[in-house]
Structure formats: structure tokens, C-alpha cells
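Report on the following structure.
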Amino acid sequence: MDRKYRLTGGFSSLGEFLVAIRRHTDGKQASGKLTTWVQKVQSESTDSAGGFLVPEQFATEIYGAVMEASIVRSRAIGHKMLSDTLNIPVLVDSDRSSSIFGGITTSWLEEAGDKTTGETDPVLGNLKLTAKELVASTYVGNNLEDDYEGGARKPFEDFIKIAFGRAIAFEEDDAFIWGNGVGQPLGIMNSSGIITPARAGIGKVDITDIGTLASRLLPGSWASAVWMISQSVLLEYVNMTASAANSQSVVNLNTMTILGRPIIVTEKCQTAATLGDIILADWKNGYVVGDRQLEIAGSRDVPSGGFLDNKTFWRIVMRVDGQPVLNAAITPRRGGSTLSHFVALTTTS
């Protein structure tokens, strides 16, 4: 068996793997090739509902569909979790007025000066990721799988990848933004590291607010930050009067940028004039996503109607966690307002 088939347990494609799972589960055709993947789930997972661990080669195909539809995962710091928890050491860096990057002090010396002056131990924190279960399920018409058996493989595989990928991406993003950290990732809006300055006027987002948000973003975040806004905020920018100070050079809806950084219009942001209607976010440097494993199960013999309705029940369990890097905003070297990877306007002025 060549390396490709060893990595996938002997299956040539995701579609073949899925069909084997369904037949094995329904007792139609046992597959010895699935033994490894069900044993791995039993030994590595706490999922009492059961399922099959997806070979990494095939899991990557589903993750790929997630990446295409996601805001956060495609931009965040990614880590592979080899167990249910992952501890990541981080530098505690909340005040740069006298030290930087976790208590590292620096000094300039004359030639032959005392190099031990000001020695300190770095302040290390711990960012702990604990795998949470995101469960996605649906019924799929049997004819789609039957077409696969007849040779039309791509439609069946693509449906599973795209349908589940988009659903998972949507729910992941929502949790990475709004999650409370209990049984789900800790979202940026519930973290202690986000900055929420007051808006200029009640009930709107105007050009002044853009400057307010921009002034609170960490300088090192500008190369990768994005503006996340709701559709209602986009409407405000479309209707912005030309007399607004510097508005045309600040907000460019032809290129969908604000101050040169991309605009992402998303329903995961709150409606206008509400906390979270506009968020300036640097996911690349400010948020960590940990992936534990992907499990999948499918059956036509589901009591709730799959057999009678000529449908197959499919369930994917993604074990994942996410957290912001900072647990506090940072005081800059020369003083002034605190800065962060994530900034959002409060509800009122």
C-alpha cells in the first residue's frame, strides 16, 4: 500500500470513506478498513454518540471548505491539538511604559558597561485551549450517495464538504466573536483584552468613530487588521454625506476598504448603534484556534424518519477551541490610551 492510501486507511477518496461508514453503521457491509478510525475515536474522544475519526487527508478537505467560507479560521493563529487540552505559553504584555513583551527590560550601555543592570525574569502566562464539540447534522437524499456508487463521485463529496464546511464556518466564526468560553470558544467580544471606546453620537457610526477605533489598534496590527461591519453600518457609509470630514479618502466603498484595510460585511456583527456593529480586528496576531479532531457518522436506519423518507442522516463533530492572545489591553511606551488587537464601539456615546 503506497503512502497515500496508508494515510487514508486504504480509501481512495472522501466519498468512498463516507459510503463505507454508512454501510458499516447500518450493518449492510462491514469494512475492516474502518476499524482503525472507530478505535481512535473510542480512545481519543469523549463523544458518547459515536462515530469515526476522519483521516487527516480527508479532514483537510472539509477544513478547506471551512477556510473558504470563514472570517476567523483563515486568518487566526492555528494549532494542532494532540490531546483534549493544549497549553500555550504567552508573554504577559500589558504595560510597555517600562518593559516590553512580558517583562523584558532593555538598556543602552557604554562600552564595558555592567550588562547585568536591570536583569529581570520574563512574566509568562498560559493560554489553555480545551477542545469543545461543535456538532453539525443533516439529512441527505439517498439518491446523491447512490449517484456516487454509479461513478458520479464529486457531487456527493462536494455536497458534504461544502454544506458542512459552510455551516461549521458560520458557527465557528460566531463563537470566535461572541462565545462565552463555557462549552464553546471564548470570543473576542467577551474577552478582557478588547477595547470598547464610546461612539461620537447615539444611534449611528460616523467618520469620527473610524478615527476613534483606528487610534486604539496596536500599531503592529495594521498590516493584517480587517474591519467587520453589519449590513446596516454599510448603509450608513453609503449614505454618508460628502461634507463629512475626509470621508471619501477614509471610507472607499469602491475598493471596500477603510483606511486601506479590507471591509468584511457580515451578519455576525450586531445591527447599527449596538455594541459589535463595527469591529476592527487583527485575527492573525490576536487570536488562537486549536483543532483536536474531526469525527463523522452516517446512517439510513435512523428512527426519526431517515429510512421512511429515503434519506441518510449525517453528523460531523468538530472538536475545536479558540481564545484571544491578550487578556488585557496594552499601555503604549510613551503613554496615552490603551491599545489592543480588537476594538469595537460601545452602544452609546
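The values are calculated or read from the model by the stated rules, or taken from the named source; none is laboratory data. Since the model is a prediction, treat every value here as computed from it, not as a measurement. So basically every Cβ, Gly included, is an ideal-geometry build from the backbone, and we count neighbours across all protein chains shown.
Structural remarks
- Candidates I160, I210, I194: the one that is within 30 Å of E61 (Cα to Cα), buried (at least 20 other Cβ atoms within 10 Å of the Cβ) and aliphatic (A, V, I, L, M) is I160.
- In the range 14-40, the residues that are within 29 Å of the chain's Cα centre (by Cα), β-branched (V, I, T) and modelled with pLDDT of 70 or more: I21
- Count - residues of the range 249-269 that are hydrophobic (A, V, I, L, M, F, W, C), buried (at least 17 other Cβ atoms within 10 Å of the Cβ) and within 17 Å of the chain's Cα centre (by Cα): 1
- Of the residues making up the range 68-99, those that are modelled with pLDDT of 65 or more and farther than 20 Å from T130 by Cβ are E68, A69, S70, I71, S74, R75, L91, V92, D93, S94, D95.
- Residue match in the range 101-124 (condition: aromatic (F, W, Y), exposed (fewer than 11 other Cβ atoms within 10 Å of the Cβ), out of contact with any Leu (no Cβ under 9 Å at 6 or more places or on another chain) and at pLDDT below 90): yes
- Residue that is over 16 Å from A175 (Cβ atoms), at pLDDT below 90 and not aromatic (F, W, Y), where the choices are R334, R261: R334
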